[in-house]
Amino acid sequence: MWLWLVREAPADVPYWPGRRWLACVDAVGWPCVWILMVHQAPEPVGLFGPFVGATALLCALGRLHRAFFANHHYRFTTWRWGRIAVALMLIGALLKLMLMTPG
């Protein structure tokens, strides 16, 4: 038996002044971070480096197109992953505080 689940399209995000340009920075910034992470590798990465660079370039172009021309559909990556990163840092800080021994 086949079961088809159709998700509703997400609602359009509200537009505010400066959102388009900030979305373009977000769209290009994350693929640049991927490239920088690969180039900072302590060991040679071989063909993996150019592959990540080409993939990041294609992703950046698609994200940039969506951020600039279909801004009502663009969702900020920094906001999505930034919340998770901040939550993990807070948990780490709390664990560090709880495990500190006096004296």
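The values are calculated or read from the model by the stated rules, or taken from the named source; none is laboratory data. Predicted, not measured: the structure shown is a model, and the values here were computed from it. Cβ coordinates were reconstructed from backbone atoms using ideal geometry, including for glycine residues, and neighbour counts include every protein chain displayed. Quick note on the areas: whole protein, heavy atoms, side chains included, nothing else; ligands and nucleic acids left out. Shrake-Rupley method; radii C 1.70, N 1.55, O 1.52, S 1.80 Å.
Residues being open to solvent by less than 100 Å² (accessible area, probe 1.4 Å) and part of a loop (DSSP other than H, G, I, E, B): count how many of those fall in the stretch 76-103. Spell out the reasoning first.
Taking the stretch 76-103 as the starting set, the residues that turn out to be open to solvent by less than 100 Å² (accessible area, probe 1.4 Å) are 76-78, 82, 84-87, 91-93, 95.
Subsequent filtering for residues that are part of a loop (DSSP other than H, G, I, E, B) retains 76.
Matching residues across the stretch 76-103 total 1.
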Q.
Quick check on this structure: which one of VAL52, VAL13, VAL6 is part of a loop (DSSP other than H, G, I, E, B) and surrounded by 13 or more Cβ atoms within 10 Å (Cβ to Cβ)?
A. VAL13
Q: Only residues in the stretch 31-47 that are in contact (Cβ under 8 Å) with a residue 12 or more places away in the chain and under 25 Å from PHE76 (Cα atoms) count as the first member; pair them with residues that are in a helix (DSSP H, G or I) and open to solvent by 100 Å² or more (accessible area, probe 1.4 Å), Cβ under 8 angstrom, at least 6 apart or cross-chain, and list the lot.
A: PRO31/LEU57; VAL38/PHE48
Q: List every residue pair whose Cβ atoms sit under 9 Å apart, with the two residues 6 or more apart in sequence or on different chains, where the first one lies in the stretch 48-65 and is touching a residue at least 12 places away in the same chain (Cβ under 8 Å) and within 14 Å of GLY29 (Cα to Cα) and the second, anywhere, is surrounded by fewer than 14 Cβ atoms within 10 Å (Cβ to Cβ) and among the hydrophobic types (A, V, I, L, M, F, W, C).
A: ALA56/CYS32; ALA56/VAL33; ALA60/CYS32
Q) Which one is surrounded by the most Cβ atoms within 10 Å (Cβ to Cβ) among residues in the stretch 66-75 that are closer than 13 Å to ALA27 by Cβ and of a type outside the set (A, V, I, L, M, F, W, C)? A) TYR74
